[in-house]
1. How large is log10 I(q)/I(0) at q = 0.16, 0.30 Å⁻¹ when the Debye formula is applied to the Cα atoms of segment 249-293, each weighted equally and without solvent?
2. Along Cα→Cβ, 7 Å out, is where each label goes; now give me the distance between the ones at Glu305 and Asn629 in nm to one decimal.
3. Taking the Cβ of Ser373 as the center, what net charge do the other residues with Cβ under 11 Å away carry, scoring Lys and Arg +1 and Asp and Glu -1?
4. With no solvent and one point per C-alpha, what does the Debye sum give as log10 I(q)/I(0) for segment 409-565 at q = 0.08, 0.09, 0.14, 0.16 Å⁻¹?
5. Please report, to two decimal places, log10 I(q)/I(0) for segment 302-418 at q = 0.19, 0.22 Å⁻¹ as given by the Debye formula with identical point scatterers on the Cα atoms and no solvent.
6. Can you list the aspartates and glutamates whose alpha carbon is less than 13 Å from that of Lys282, not counting same-chain residues fewer than 8 positions off?
7. Using only the Cα atoms of segment 355-424, what are the Rg and Dmax in Å?
8. How much FRET efficiency would the formula 1/(1 + (r/R0)^6) give for Glu536 and Glu574, where r is the Cβ-Cβ distance and R0 is 45 Å, rounded to 0.05?
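Each reported figure results from applying straightforward, stated rules to the coordinates on display, with no laboratory input. Since the structure is predicted, the reported quantities are computational estimates derived from the model, not experimental observations. Note: ideal-geometry Cβ built from the backbone for every residue, glycine included; neighbour counts use all protein chains shown.
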Amino acid sequence: MDNTENNGNFRTLILIERNLHTDQQAKIQIEQGSIEWLKLRKGKYGHLKALAMGPVGPLSLRSQRRQLAGQFTHGKERGKGAATFDTIRAPKSEAVYISRVALLSCIVDLSDFGFSLGSTVQSHTKGIWMWCVPHPNKPTHTLVLLDTEGLGDIEKGDNQNDSWIFALAILLSSTFVYNSMGTINQQAMDQLHYVTELTDRIRSKSSPDNSECCDSADFVSFFPDFVWTLRDFSLELEAHGKPITPDEYLEISLKLKQGTDQKAKRFNEPRLCIRKFFPKKKCFIFDRPAPRKHLIHLEQLEEEELSEEFVEQVEEFCFYIFSQSKAKTLSGGIIVNGPRLKNLVLTYVNAISSGDLPCMENAVLTLAQIENSAAVQKAIVHYDQQMGQKVQLPTETLQELLDLHRAIEREAIEVFMKSSFKDVDQKFQKELGDQLQAKRDDYCKQNAKASKECCETLLQDIFSPLEEDVKQGIFSKPGGYRLFIQKKQELVKKYYEVPRKGIQAEDTLMKYLESKEDVADALLQTDQSLTEKEKEIEVERVKAESAEAANKMLEELQKKNELMMEQKEKSYQEHVRQLTEKMQSDRVQLMAEQEKTLALKLQEQKLLLLEGFEKESKKLLNEIQDIKNRPVDIVSGCIIL
């Protein structure tokens, strides 16, 4: 074990939704375009993309093949002050569980990832190391394990680095494991002073209304569960002559001391922060795993060579982690998956590198920008796929096409709603609406074009014999005009009998007949069997038919415009309906989160009052009242389409 880390270090656990797919090269990827984190090796997960963190310098991507585990590293250690992403190679052997003194080794065998447990005074872990393993009990989730360097590393000599690593681990994890040696005493609390600096390192809101105190009041709503593990614990768990549990021991250790002097303040401050910031607190104790002479070779020991008590304690710890660790969830019930975790890391690191404070609200909004844009494209892809499979152009009527569009548009909006969140002023929903409207208009144009081409081909096939007869002079004789009109009407009837000509059937026919009016008029004028009066009557009849056809076309155009306006209104109403449902769901989620936060704060407030700390109790009561008075923070109900 690393003797330099005996002063206390921490392990963070992130349970994320698995959002992976396997490609033809047997690689497991996290969505197209995102950084590949895991690769498949012989059916098991054995690859990890390393991530990097640095307070200064840009982020870059580079490969470091020799490393077998990922790590966040301080920019100064890399040179040129740049934080980096490191790529690692898959291990040669599969991960096998055996009990180790290092807490992460209780969950995954780190030796298979090229990580050794230190047995000297030199610290092995630098920055933050990361492993991703399948969750043993939840097949739809992945367990992400983060291991940090020991706090107060004498080789580093930079407390700022410790503070940022501490803050970053808090922001990324759903379960935060603080690992220290021995008992919980004042020295252990003093080494945990980083918790008192979190108000200077983290923001919950981009623009807090009143003060940093009010801003930190929201920490409990997104902070991880806190687990304190005590290594080489040798005391009897007993208080006032009665046995107590590790959790009760932690609760007793977090009790405050009366007084207003600096000593009392230093005593109370870290304890108060732990009590106020973390929603759930848990404690585990571990006996020494083996006799001291064997500790230097701990990695080579078989499980049966370890202390029986230690093995049982490890099993209890692992059971808790596997069964109780929750999926990492952001404000609004946003469950973190692989791509979201990557973007969270980038957002926080960029903020730290630029000299700003990492902000939960900004991180969520940044995620929203990325994912809402992707949600629009996902919805459009769904629309294109479904329309491509179901639409057959030309459709018999415009209504048929619009009905199909409306059904698939509804599905596309649902796809967007399921994948989007925090769509401020419905910017991305409007973008989706514009694209769907453009798609609809394009399909209408394609439909009209397909109908016109179909009708022109059909007219050519049906009327070509008639045109050939005209050329042959079949109708250039007395009575020929009436015979021509009779044949034309028969062919028009035949044209109407052919199904699925589409919406341009009338228009194409009318234009075709108009193009042949000169032929009909020539036959009329040269037909010697007709009197001049009969010819005049026929001319008027043809004019009346043309006028009637023109009026019919105007009616069809007006009907088309009405249908398009009706479709636009229905589309708008569908957007509003689904947005309203989503807003109601989001409101319920946010109200539940607020109630949970209030319950935790009210519990702590009553406890402080019971312990006699009226001033702190009153402060917490004011925070509770401020939270109650806040409007539920959901996106505007105004939709612009």
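1. Those come out to -0.57, -1.11, one per q.
2. Between Glu305 and Asn629, the label points sit 6.5 nm apart.
3. On the way: positive: Lys378, Lys427; negative: Glu371, Asp423, Glu431.
Net of charged neighbours comes to -1.
4. -0.41, -0.48, -0.82, -0.98
5. Values, matching the q order: -1.00, -1.15.
6. By straight Cα distance, Lys282 reaches Asp225, Asp247, Glu248, Glu251, Glu316.
7. Considering segment 355-424 through its Cα atoms, Rg and Dmax are 17.3, 63 Å.
8. Details: r = 57 Å, r/R0 = 1.26.
Plugging the Cβ-Cβ distance into 1/(1 + (r/R0)^6) gives 0.20.
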